[in-house]
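The values are calculated or read from the model by the stated rules, or taken from the named source; none is laboratory data. Not measured: the values here are computed from a predicted model. Quick reminder, even Gly has a Cβ in these numbers, built from the backbone with ideal geometry, and neighbours come from all protein chains shown. These area figures cover heavy atoms from the full protein model, side chains too; ligands, DNA and RNA do not enter into them. Shrake-Rupley method; radii C 1.70, N 1.55, O 1.52, S 1.80 Å.
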Amino acid sequence: MPRAYGIIGWPLGHTMSPALHNWGFAELGLDAHYTAWPLEPTDLPAFMERVRAEPIHGLSVTIPHKRAVMAHLDRISDRARAIGAVNTVYWDGKALYGENTDVIGVVAPLRGLDPLPRSAMVLGAGGAARAAVAGFLELGIPRVAVANRTQAKAEALAADFGVACVRWDERMDADWELICNTTPLGMSGDLEGRTPWNADRFATGAVAYDIVYNPLETRFLAEAGAAGCRTVSGLEMFLHQGLAQFRLWTGQDMDEAGARRLLLAALRS
Ligand code: NAP
C-alpha cells in the first residue's frame, strides 16, 4: 500500500496540491499517494481518528479546518500557535504535529533580497495576512503595518502581533518598501482586474508581492512592474509552502525548478 497523504478542506475547490505532491513522490521514486479529501466540519473529529488509526502520513489543511484541527494534534509549532492556524500535519515518531508552512512560503521568495525592505504594508487581515505579518517579522523587517477594509479586523491582527494599523483609506499615504496584497482583489473571477493599490502610488524601488496566483500576473503586479518595482507572484508562496510540507513528510527535497515548471504549466493550461 502506498503511504497516504492528502488535503482536507470544505468546500474543496480545485487545488494544485495533489499535482505538486504526486509529482514529487514520482520524481523521488517514493511509494506514496496524495488525495483531495473534501471534508465537512462536522466530520473532522472522525477523520482525525482515521489519521491516527490507518495511519495517514501527512495532511495539508485548508479552510475551514486550519484552527479546528489544532485540538486533534499532540504538538503545535510556535509559529502555528502564533498565527492560530495549522496548514500542515505530520508525524514525528508517535506524535502528530501541526505546523504552518504558509509562513515559510511567504518569506522564502524574499530571503534573497539585498537589501531587505525596511518597511512592509500588508493589505488584508485574514488568514493569509496573519501568515504574511508573522513571516515579515520572522524575516526581521523593522516596520510592519496592516490595513484592511474592515478596520476592526486590522486592529485585532495588529494588536496580536504588535505591529502598526493603518486606516484602509490611508494605506497609500506613505512610501512602503514592500507592499503585500493578501486580499482576493485581482483573483480570476469577479475580482479579476481589481487592485488594492493605485498605479501612481508605488514608491521607487519598492517590492510588490501578490499572494493571489491565478492569474499569474494580476493588475497589481502588472502596474507595479510598469512602475519599476520588483514583483513577487503568489505562485512562489504556494510553491514554497508546498516544498516545506513535502520536506516535513518525507525528509527529502522536491526539485524546486521542476516543481515551479509544473505549477506554471498547470496555471497556463
Ligand atoms: P480571508 O481570511 O477570507 O481574508 C480575506 C481578506 O481580504 C479580508 O481581510 C477581507 O477584508 C479582504 N477582502 C476581501 N474582499 C475584499 C475586497 N473586495 N476589497 C478589499 N478587501 C477585501 O482569506 P485568506 O485565507 O486570507 O486568503 C486571501 C487570499 O490569499 C485568497 O485569494 C487566497 O486564495 C490567497 N492565498 C494564497 C496562498 C498562496 O499560497 N499563494 C495561500 C493562502 C491564501 P474584510 O475583513 O473587510 O472582509
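Compute the longest continuous run of the chain that contains no exposed GluC sites (Glu not before Pro); treat a site as exposed when its DSSP state is not H, G, I, E or B and it has at most 15 other Cβ atoms within 10 Å.
Values: sites that count: Glu192, Glu217.
Result for the longest clean stretch: 1-191.
Along the stretch 151-159, what does the Karplus equation 6.51 cos²θ - 1.76 cosθ + 1.60 (θ = phi - 60°) give for ³J(HN,Hα), rounded to whole Hz, x for Gly and Pro?
4, 4, 5, 5, 5, 5, 5, 4, 5
Expressed in nm to one decimal, what extension gain is obtained for the pair Trp168 and Arg149 from 0.36 nm per residue of sequence separation less their Cα-Cα distance?
Numbers: separation 19, 0.36 × 19 = 6.84 nm, distance 0.56 nm.
Once the chain is fully extended between Trp168 and Arg149, it gains 6.3 nm.
In a solvent-free Debye calculation with one equal scatterer on each Cα, what is log10 I(q)/I(0) for the chain at q = 0.09, 0.10, 0.11 Å⁻¹, listed in the order of the q values?
-0.41, -0.51, -0.62
Amide H of Thr35 versus every other amide H placed in the peptide plane: which residues, excluding those fewer than 5 positions away on the same chain, fall under 5 Å?
Answer set, sorted by chain and number: Tyr5, Gly6, Ile7.
Give me the percent of Cα-Cα pairs in the stretch 104-232 that sit more than 20 Å apart, rounded to a whole number.
So the portion of pairs separated by more than 20 Å is 37 percent.
Please list His240, His33 from largest to smallest accessible area, probe radius 1.4 Å, with all protein chains kept in place.
Details: His240 30, His33 95 Å².
From most exposed to least exposed: His33, His240.
Once phi is turned into ³J(HN,Hα) by the Karplus curve 6.51 cos²θ - 1.76 cosθ + 1.60 with θ = phi - 60°, what whole-Hz value does each residue of the stretch 95-110 show in order, with x for glycine and proline?
9, 9, 9, x, 10, 10, 8, 4, 5, 4, x, 5, 7, 3, x, 9
Of the residues Ser77, Ser119, Ser233, which exhibits the maximal mean-square fluctuation in a Gaussian network model of the chain defined by a 10 Å Cα contact cut-off?
Residue with maximal mean-square fluctuation among Ser77, Ser119, Ser233: Ser77.
Which one, Asn214, Asn148, Asn87, has the greatest fluctuation when you compute a Gaussian network model over the chain with C-alpha springs under 10 angstrom?
Asn214
Nearest 0.05, what FRET efficiency do Arg201 and Leu264 give at R0 = 30 Å with Cβ-Cβ as r? Before the final figure, lay out the partial values.
Details: r = 29 Å, r/R0 = 0.98.
Efficiency for this residue pair is about 0.55.
Given R₀ = 45 Å, FRET efficiency for Ala26-Asp74 by Cβ-Cβ distance, to 0.05? Please list the in-between numbers first.
Working: r = 31 Å, r/R0 = 0.68.
My answer for the efficiency is 0.90.
Provide the FRET efficiency to the nearest 0.05 for the Ala257-Asp92 pair, computing r from the beta carbons and using R0 = 35 Å. Don't skip to the answer; put the middle values down first.
Details: r = 29 Å, r/R0 = 0.82.
Once rounded, the FRET efficiency stands at 0.75.
Given springs between every Cα pair under 10 Å in a Gaussian network model of the chain, which of Leu178, Leu28, Leu96 has the largest fluctuation?
Result for the chain, Cα springs under 10 Å: Leu28 fluctuates most.
Once every DSSP H run of n ≥ 4 in the chain is given -39500 (n - 2.57) and the sum is divided by its residues, what mean residue ellipticity at 222 nm do you get, rounded to the nearest 500 deg cm²/dmol?
Working: 9 runs with 96 residues, N = 269.
Dividing the helical sum by the residues of the chain leaves -10500 deg cm²/dmol.
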